[in-house]
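The values are calculated or read from the model by the stated rules, or taken from the named source; none is laboratory data. Just so it is clear, the structure is predicted and the values come from calculations on it, not from any experiment. Heads up, the Cβs are rebuilt from the backbone with ideal geometry, glycines too, and the neighbour counts pull from every protein chain shown.
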Amino acid sequence: MWRSPRRFAIPWPKRSPRAAARCAISSPVTDRAATFSSITSSTTAPANPAKSAATRSARSCRANVRRFTVRTVSIDRAALTHRLSRAPAAPTMTSQNDTLLTPRASHRSSKTDASTSMIDTLGPASGRRALIESFAPTLIAWQREHGRHDLPWQQSRDAYRVWLSEIMLQQTQVSTVIPYYTRFLERFPTIEALAGAPSDEVMSLWAGLGYYSRARNLHRCAQVVVEAYGGHFPRTVEALSSLPGIGRSTAAAIAAFSFGAREAILDGNVKRVLARVFGIDGFPGEKRVENAMWTLAQTLLPAHGDADIDAYTQGLMDLGATLCTRGRPDCARCAFTPHCVAYATGRQRELPVARPRKAVPVRHTLMLVMRRGKSIWLERRPPTGIWGGLWSLPEGSDTTALARVAELHGYHDSASAFEPLAPLSHTFTHFKLDIEPMLLDMVAAKTPSARDDAAGRWVALSELDEFGLPAPVKKLLAGLTGTLI
Ligand code: SF4
């Protein structure tokens, strides 16, 4: 049964009669807006509250929320500092930039510290304290009743399985990950099996999941854990985050799910939830905003570890993935509706603040599809960089460059024989790649083609599935298979 958001309600400070008059509509949003407006009334309230009550709308109340948030930056510093000074100190990491990783560190920092002042803007002191203290219990209760409990990796606390799922889930949706996770475990049931596998096989199983540096790091990490830790993952965030491909948030998730450690996570989903619930302005990719969010995430942790931290960490992930989604937050079903700043101010679409816009650069490349009978020539890409370690088609900036490749395979003066195929494009994180494929039938090659070696080989179309191919190359060849055979 769906639990009403009101069941999680945090008591807000009592409204003054004036505030009650100004926000006549009774709802969590307007109740809260009324409270805020009562605090700002010394400078903003009209002389006749009764008249105002008849004319003002919930919209004006939301505007008061914004005004209040701006005005209380300095008022609430003492309350926040007091709250943070009472919070238990959490284990710290010792990076140079991490001076604000614990509440105590924040307490000791300068008054002008950007991270502290960022948290200072999170609504009124009383409401903020109540929200901070009730955040974990609310989230845990919601997760236990409405969160996800049947994902394949939730059935075990085994660090190998937890780690595998966390790496695959980075920037990738659960529904996409599940079949990959299952195939990986079938082929590599233990970390020793993964560590000892040929990299080609690992890359091939990963092909299609994207962000291929994750697969290379996954393989290296397995080898390090086997060689340096006897096949057992270390238990602390510090040691975990020193392993290849494991960042601070992933390390915290592994420590929480595998060992019940009381550690804060802060991936993209969590940043979105915190930005909305607490009304945090600023692009979360900016260092000062991210530092403030780490401080807040550490402060919000449940008081106890084990089962609570498990449900809490999973709850943050579930809330961000299922309700507080990027494009369509389902506020009507959310446990935080009565307290969420973004909901109260109608700013769900504005928060978190988007990355400052920059034009996405477009690159252009030609790809050569050399056909010899029922085989295609593939080349292995360098181990690092775009599509590192995967098999792909030869590339060139123009047809002259492609003709030089064909010449190595015994086909001279091939430029006029290129047959243009339908162009396609692929978007990476930082640029877009426009691909212009050219088909070349190698029947006119004068000499036997280059022999197979580690850097390239002729691959039968029926065997393409055994090679790790970049998604656009896979798509291109899949489209050709019917016409080439
Ligand atoms: S109320 Fe809406 S915006 Fe706020 S946390 Fe819930 S889903 Fe996200």
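Please tell me if E263 is free of Cβ contacts under 8 Å to residues at least 12 places away in the same chain and either crowded, with 21+ Cβ neighbours inside 10 Å or away from the ligand (no atom under 16 Å from the Cβ) (or both). Judged against the criteria, E263 is not a match. In the stretch 319-338, the residues that are without any contact (Cβ under 8 Å) to a residue 60 or more places away in the chain form Cβ pairs under 6 Å with partners that are among the polar types (S, T, N, Q) and more than 6 Å from the ligand (Cβ to nearest atom), at six or more places apart or across chains, as follows: G320/N269. Residue count for the stretch 336-346 satisfying the condition of being in contact with an Asp or Glu (Cβ under 9 Å, 6 or more places away or on another chain) and near the ligand (Cβ under 8 Å from one of its atoms): 1. Out of the residues in the stretch 369-394 that are in a strand (DSSP E or B) and over 25 Å from N217 (Cβ atoms), state the one that is farthest from the chain's Cα centre (by Cα). Among residues in the stretch 369-394 that are in a strand (DSSP E or B) and over 25 Å from N217 (Cβ atoms), the one farthest from the chain's Cα centre (by Cα) is R372.
Being surrounded by 15 or more Cβ atoms within 10 Å (Cβ to Cβ) and either more than 16 Å from the ligand (Cβ to nearest atom) or in a strand (DSSP E or B) (or both) is a description that does not apply to L351. Sub-6 Å Cβ pairs linking a first residue in the stretch 351-370 that is under 15 Å from H430 (Cα atoms) to a second residue that is of a type in the set (A, V, I, L, M), at least 6 apart or interchain, are R363/L433, ordered by first then second residue. When restricted to residues that are without any contact (Cβ under 8 Å) to a residue 60 or more places away in the chain and not hydroxyl-bearing (S, T, Y), the stretch 231-251 contains 9.
Of the residues making up the stretch 395-417, those that are of a type outside the set (D, E, K, R), within 42 Å of the chain's Cα centre (by Cα) and not in a helix (DSSP H, G or I) are G396, S397. The condition of being in the same structural domain as G247 (by TED's automatic domain parsing), more than 10 Å from the ligand (Cβ to nearest atom) and surrounded by fewer than 21 Cβ atoms within 10 Å (Cβ to Cβ) holds for only one of G315, G327, that being G327. Report whether or not R216 is surrounded by fewer than 20 Cβ atoms within 10 Å (Cβ to Cβ), basic (K, R) and touching a residue at least 60 places away in the same chain (Cβ under 8 Å). When the stated conditions are applied, R216 passes them.
Checking each residue of the stretch 287-310 against the condition of being surrounded by fewer than 22 Cβ atoms within 10 Å (Cβ to Cβ), within 15 Å of the ligand (Cβ to nearest atom), modelled with pLDDT under 95 and among the acidic types (D, E) gives no match.
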